[in-house]
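Inspection log for the structure reproduced underneath, given as structure tokens.
Rule-based calculations on the coordinates, nothing more; no lab input. Please read these numbers as outputs of a predicted model, since none were measured by experiment. Using ideal geometry, Cβ is built from the backbone for each residue, glycine included, and neighbour counts are taken over all protein chains shown.
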Amino acid sequence: MSYTKGLKCKECGERYPKEPIYVCETCFGPLEVEYDYDNIKKDLSKELILSREKNIWRYAELLPIDNEPTIGAQVGYTPLVKADNLGKALGHSNLYVKNDAVCFPTLSFKDRVVSVALSKSKEFGFDTVSCASTGNLANAVSSLASSGNLKSFIFIPYDLEESKVINSVIYGTNLVGIKGAYDDVNRLCSEIAGKYNWAFVNINMRPYYSEGSKSYAFEIMEQLGWKAPANIVVPMASGSLLTKVWKAIKEFELLGMIEPSNTKMYGAQATGCSPISTAFKNKWEIFKPVKPDTIAKSLAIGTPADGVYAMSVINESGGHAEDVSDQEIIDGIKLLAETEGIYTETAGGVTVAVTKKLIEQGKLPTDELTVISITGNGLKTQDAIIDSVKKPEVIEPNIDNFEELYNSL
Ligand SMILES: *Cc1c(COP(=O)(O)O)cnc(C)c1O
Ligand SMILES: [Zn+2]
């Protein structure tokens, strides 16, 4: 039973069949999956969702596959943590952290989108998958391709964090470093995609891939007891996650899973790559492409594919966008670790620091239920903070030395 009707252009509305395509032939707009909500409403209930395994596929009717999913049985259902300590530090009384730093198998929310993309790639009959990546996507594609018996070719900027590189090659993928920034990598991949019959998760599979992000928000709403938060802070690279969190909330409203909500969407970027937040703050209609220069490499997309859509979602919801310096990102990583015991990567530092800034500016209400989106793990971006953390005290192995140290602290 299929709950998807096909693909539809986000700009002109032209319809296309379910194929590995991503751009409208008429207007060059992006294609999006269209669902049969009437049938989903008949078949999907909270009880049915609750009866299923705790992974992303418990919401299968709202994800774009036609057969049984083949990839991602262990992906998703990460903790939603009531963050009272962080709230206290930030002057917020109703704060939650959705923690995809512990998403399996590769410790970022990219495991969600890739599970959907690779399950769909198998449906289409591809034997090789590929992607252009800022790091986390590369990790997820190489791991899930390996367990899913797919060949993979992965393209990254050559200067990524070492841990993100090792976390890809370890799974036996073909990893190619490109001398350029993410946008150069992406441009090359579009060319390769035209020549090789591969499933590029964020190019020809992008309409399907991006839907996987909705599972992050479905889980938040389920974990809150079937309601949407009043506010949610989301980090933005291409802007896709933010638009899909919004779509997920609207879908749960439409299906009667939650009451109508007024969730405000807050977008977070690093100042060193802030095309979306800068355009939003200046009330520009479109963003200006930038050359990234920030430690938040997982968010370093200078020409964000969903940037304009992210801006309009933030606007429509009544939220805001903001960006923070590299130093604020490091402070954000430390603050989350010291208050909640959660070690996030630079993207999570961006989210925490932007939350702090928005509270200080009075733009984020401090008593309404607010979720901040932690999307990746700090073990992958050690390089970014190695010079900003305390080194251990080293002493001889005897009690006198320890007492001397103890008394000096
Ligand atoms: C990819 C990524 C994001 C955001 O991605 P979008 O392109 O905006 O969907 C956020 N956090 C982390 C850790 C990521 O890897
Ligand atoms: Zn179109």
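A few remarks follow.
- Here the stretch 280-409 is treated with +1 on each Lys and Arg Cβ and -1 on each Asp and Glu Cβ, and its dipole about the Cα centre works out to around 740 debye.
- Separation of the stretch 219-282 from the stretch 1-38 is 22 Å, based on Cα centroids.
- Choice from 111, 43, 159 with maximal GNM fluctuation in the chain (Cα, 10 Å cutoff): 43
- Between 349, 76, 318, the Gaussian network model of the chain with springs among Cα atoms under 10 angstrom shows the greatest mean-square fluctuation at 318.
- Rounded to 0.05, the FRET efficiency of the residue 187 and residue 146 pair, given R0 = 25 Å and the Cβ-Cβ distance, is 0.40.
- When the chain is treated as a Gaussian network with alpha carbon springs shorter than 10 Å, the biggest mean-square fluctuation among 361, 327, 74 belongs to 361.
- Under 17 Å from a label point set 7 Å out along the Cα-to-Cβ vector of residue 53, the amide N atoms of the stretch 84-127 belong to 103-106, 111-120, 122-123.
- Enclosed volume per residue, in Å³, of the convex hull spanned by Cα atoms of the stretch 331-409: 144
- Within the shell defined by Cβ-Cβ distances under 12 Å, the residues around residue 79 carry a net charge of 0, with Lys and Arg each +1 and Asp and Glu each -1.
- Neighbourhood net charge (15 Å Cβ-Cβ; Lys/Arg +1, Asp/Glu -1) for residue 376: +1
- Against the chain, whose longest principal axis comes from its Cα atoms, helix 182-195 is set at around 30 degrees.
- For the stretch 94-236, convex hull of alpha carbons as volume per residue, Å³: 119
- Span from the the stretch 127-168 Cα centroid across to the the stretch 174-199 one, whole angstrom: 12
- Each of the peptides 83-93, 396-406, 302-312, 19-29 was scored by the mean count of other Cβ atoms within 10 Å over its residues; in descending order, highest first, they stand as 302-312, 83-93, 19-29, 396-406.
- Convex hull of alpha carbon positions in the chain: directionally averaged projected area 21.5 nm².
- Extension gain for residue 409 to residue 166 (0.36 nm times residue separation, less C-alpha to C-alpha distance): 83.7 nm.
- Gyration tensor analysis over the Cα atoms of the stretch 254-343 returns equivalent ellipsoid semi-axes of 24, 21, 11 Å (largest first, whole Å).
- Full-extension gain in nm, residue 255 to residue 5, via 0.36 nm per residue minus C-alpha separation: 88.3 nm
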